[in-house]
1. At 222 nm, what helix-only mean residue ellipticity would the chain give, in deg cm²/dmol to the nearest 500, using -39500 (n - 2.57) for each DSSP H run of four or more?
2. By the scheme Lys and Arg +1, Asp and Glu -1, what is the net charge of all other residues having a beta-carbon under 12 Å from that of Leu137?
3. Give the residue from Ala115, Tyr132, Ala8 lying farthest towards the positive end of the charge dipole for region 6-158; charges sit on Cβ (+1 for Lys and Arg, -1 for Asp and Glu) and the dipole is referred to the Cα centre.
4. When the Kirkwood radius is taken over all Cα pairs of region 53-169, what Stokes-Einstein diffusion coefficient follows at 10 °C and 1.306 mPa s, in µm²/s?
5. In the chain, with Lys and Arg counted as +1 and Asp and Glu as -1 at Cβ, which of these residues, Ser146, Gly44, His105, has the Cα nearest the positive end of the dipole, that is, farthest along it?
6. Taking 0.36 nm per residue of separation and subtracting the Cα-Cα distance, what length does fully extending Arg104 through Ala26 add?
7. If R0 is 41 Å, what FRET efficiency do you get for Glu54 and Ala115 from their C-beta distance, rounded to 0.05?
8. Which value, in debye to the nearest 20, gives the size of the charge dipole of region 6-158 about its Cα centre, when Lys and Arg are +1 and Asp and Glu are -1 at the Cβ?
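Values quoted throughout were computed directly from the atomic coordinates according to the rules given, and no laboratory measurement underlies them. Because the structure is a prediction, the values reported are computed rather than measured. Counting neighbours? That spans all protein chains shown, and the Cβs are built from the backbone with ideal geometry, glycine included.
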Amino acid sequence: MMGSGKTAIGRALSQRLHVPFLDSDAEIETAANASIAEIFARDGEPFFRRRESEVIARLLTGDPCILSTGGGAFLAKRNRKLIKKHGVAVWLNAPLALLWDRVRHKDSRPLLRTANPHATLSDIFADRTPIYAKAKLHLAVSQRASIEETTASVLELLLTRPDILERLP
């Protein structure tokens, strides 16, 4: 979900693991020379989702990395299959109140440009939670946990998957 900490935790995790941090939204913006909000406004969400899948496929078939995807990327079955084939999905499961606290003052969220952004976020949360629950690894995000603590928790989760990350002596 937007506001769950994908970027902050992804960056911290990439530093700890010494692999690149990639953000599919940033890659899309670079390729389109436009912001996500501009792409949504100009071309619509279906167009954006197609480009998103293309970028995710390209990034996942490259060198090992930490890939942060936009909140809607995991909704597409094709993206879930790509992630499962080339890595593992980690769901940063943050409560709605925390998500709202983190996104309510940002105007960079095109899906929340509505008359009632809190209600919109609540609806998105309700719709997406069952799909996010399909991720192989789940982490309950605590409002009190620091980025470092949350990153350490993600590392512990990843260590349960020796095909993804191995513990070194």
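1. When only DSSP H runs of four or more count, the value is -16500 deg cm²/dmol.
2. Once positives and negatives cancel, what remains is +3.
3. Farthest towards the positive pole: Tyr132.
4. For the chosen part, D equals 100 µm²/s.
5. In the chain, that residue is Gly44.
6. Result: 26.0 nm gained on full extension.
7. 0.80
8. 500 debye
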